[in-house]
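Read through the structure below, which is laid out as structure tokens, and then see the notes.
A short reminder: the numbers here are calculations on the coordinates, not readings from a lab. This structure is a prediction, so every number in the text was calculated from the model and none was measured. Counting neighbours? That spans all protein chains shown, and the Cβs are built from the backbone with ideal geometry, glycine included.
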Amino acid sequence: MAEPIQYTPRPAKIGPDAHDELERLLQSMHEHGVLRMANDLVAANTQWTQIIVDGLSKAGSRKTVQNLSILLMVLSRIEPGDFYKMLFALRDSLEYLARPEPAADKPEPPGIRGAYRMLKDDALWRGLRPLLGALKAFGEGLDRKVDTPISAFTGKPTEH
């Protein structure tokens, strides 16, 4: 008697498989010129790397990279919530300064009595106290001696 054939049919193809997606990606890269650009970069590797190296070896480029790294180091020490509050408070104050003041609302100069009353204004001093503290910290920061920014940031001495 004949033996039964062991056959399990393949499941029907539902969607594209990895090979189909890879072919589609390759075709899209070809249509948009990405493959041509990559081939040109590989073929001219010494030229474009030389252009990049020449550009980065200029003093202005080095200073730009150093300044950006210093900015990133400073931003890494600021808590995101504090940075958010500071930037939006700055935005609010700039919007306030940009608003034109109606001519009818312009107050008269305060005079001596008005200036004396301003000295006793608690809300005014609450607003000025952070500004005065910030100015003091800014002045102290300007007096700080810095050999190299990275050694000042990390606390490690620079080797000369």
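Of the labelled figures [x] 37; [y] 28; [z] 73, only one reflects percent of Cα pairs over 24 Å apart as derived from the coordinates, namely [z].
With θ taken as phi - 60° and the Karplus curve 6.51 cos²θ - 1.76 cosθ + 1.60 applied, the whole-hertz 3J(HN,Hα) list for the range 10-15 is 6, x, 5, 6, 8, x Hz, x standing for glycine and proline. Taking label positions 7 Å along the Cα-Cβ direction at both TYR116 and HIS30, the computed distance is 9.0 nm, reported to one decimal.
Rounded to the nearest 10 degrees, the angle from helix 59-76 to the longest Cα principal axis of the chain is 80 degrees.
Think of the chain as having a plus end and a minus end, set by charges on the Cβ of Lys, Arg, Asp and Glu; of ALA12, ASN39, ALA115, ALA115 sits farthest toward the positive end of this dipole.
The C-alpha atoms of the chain define a longest principal axis, and helix 18-31 lies at about 60 degrees to it. About its Cα centre, the dipole of the chain is roughly 920 debye, where the only charges are +1 on Lys and Arg Cβ and -1 on Asp and Glu Cβ. Placing dummy labels 7 Å off each Cα toward the beta-carbon, the span from ALA12 to LEU97 is 7.0 nm.
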